[in-house]
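Here is the structure we will look at.
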Amino acid sequence: MNKIKDLLRDVQNNNFKTPKETDMNQLVQEMILHIGSIDDELRDKLIYGTLCRWIMDQELSIDLVRQLLYVTLDDDHLFHGIGDFDQDTVFTRSFSVLFIPLALHYNDIFNYLTESDYEYIYSRVTLYFEREKDFRGYILDKGWAHSIAHAADALDSIAAASYYSRDHLLFILEMIGEKGCVNNYYYINGEDERMAEVVIQIVKRNILKKDILLNWVQQLGRFKRLDIYPQDDIKRGNTKNLLRSVYFKLLDVSGFEVITNEIVKTLKQI
């Protein structure tokens, strides 16, 4: 592991350029092998940071990006240990889902995704978001897991893609409402803001009627209380934080005052 860390440090120190003799495919495969490392420098700064920069600089071939896309979406990565809620497997899942926005960004440049690619991405990411149970943000001595925030980033990029239709967006909106308002974990690491970004992206697509958005806000306000402490307070807090985040982000989007007004009304009732 020290070998790849040293190599990636050298790459970053050399303006993200690899030595001439480097086999890029082999290097990337080695990086993916360690994508869920508990070493936060390797996982986050060196592997994700380098992949991100290579994508932005268009350093990777389309074939390699496609290959990476399908590897990160497979059962050994995006669904590795799915259902765990306090295990290190979360790092593999949460950093695999972070590759989805990079792959979709590459498609904005090279238009390489097919209809089946789009549908596969959607089905895998939404299923992952639904099944993820480990909501931890920052983990002491191991760094960011942040599975919900990372999944929200992926959903944000999906919602922005013109391929996805009204039904796709409606399902994502409903999922955000469910995951954003869980009663067994209080989000403390900005997850509400990252999920709110997905809602704003959906709003900006302007293919869902305002009545649907109004109903979504109202539904959040009508959540069922179990008369159990602290679950009810956790759900109430998560719901209010999600709505507040959507409210403040919507202030920058013109023409949706009816939604912001409904959020204020709903918050007063919660």
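For the list (1) assigned to a loop (DSSP other than H, G, I, E, B); (2) of a type outside the set (S, T, N, Q); (3) over 20 Å from E132 (Cβ atoms); (4) open to solvent by 90 Å² or more (accessible area, probe 1.4 Å), I need the number of the one condition that K265 fails. K265 satisfies all of (1) assigned to a loop (DSSP other than H, G, I, E, B); (2) of a type outside the set (S, T, N, Q); (3) over 20 Å from E132 (Cβ atoms); (4) open to solvent by 90 Å² or more (accessible area, probe 1.4 Å) except (1). Out of the residues in segment 7-56 that are acidic (D, E) and at pLDDT 95 or above, which is nearest to H150 (Cα to Cα)? Among those residues, the one meeting the criterion is D44.
The single condition among (1) free of Cβ contacts under 8 Å to residues at least 60 places away in the same chain; (2) in a helix (DSSP H, G or I) that R43 does not satisfy is (1).
L173 fails exactly one of the following numbered conditions: (1) of a type in the set (A, V, I, L, M); (2) more than 16 Å from the chain's Cα centre (by Cα); (3) closer than 15 Å to L250 by Cβ. What is the number of that condition? For L173, the failing item is (2).
Yes/no matrix, rows are residues, columns are (1) under 26 Å from R166 (Cβ atoms); (2) touching a residue at least 12 places away in the same chain (Cβ under 8 Å); (3) assigned to a loop (DSSP other than H, G, I, E, B):
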site: L213; (1), (2), (3): yes, yes, no
site: W216; (1), (2), (3): yes, yes, no
site: Q219; (1), (2), (3): yes, yes, no
site: R225; (1), (2), (3): no, no, yes
site: I234; (1), (2), (3): no, yes, no
site: K240; (1), (2), (3): no, yes, no
site: S245; (1), (2), (3): yes, yes, no
site: K249; (1), (2), (3): yes, yes, no
site: D252; (1), (2), (3): yes, no, yes
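Q218 fulfils the conditions (1) exposed (fewer than 15 other Cβ atoms within 10 Å of the Cβ); (2) at pLDDT below 95 except for a single criterion, (2).
For segment 46-77, the candidate set comprises residues that are closer than 14 Å to I100 by Cα and outside any helix (DSSP H, G or I); within that set, the residue that is least open to solvent (accessible area, probe 1.4 Å) is L73.
Only a single item in (1) crowded, with 20+ Cβ neighbours inside 10 Å; (2) over 13 Å from C181 (Cβ atoms); (3) among the hydroxyl-bearing types (S, T, Y) is not met by S245, and it is number (2). Note on segment 80-188: enclosed helices (runs of 4 or more DSSP H) holding 3 or more residues that are touching a residue at least 24 places away in the same chain (Cβ under 8 Å) and over 21 Å from T50 (Cβ atoms) are 115-131, 147-160, 166-179. Filtering D211, D232, D252 for residues that are more than 20 Å from L127 (Cα to Cα) and modelled with pLDDT under 95 leaves a single hit, D252.
The values are calculated or read from the model by the stated rules, or taken from the named source; none is laboratory data. Remember, it's a predicted structure, so these values are computed and weren't measured experimentally. With ideal geometry, Cβ positions are generated from the backbone for all residues, glycine too; neighbour counts draw on all protein chains shown. Each accessible area value is taken on the protein alone, full model and side chains, heavy atoms only, with ligands, DNA and RNA left out. Shrake-Rupley method; radii C 1.70, N 1.55, O 1.52, S 1.80 Å.
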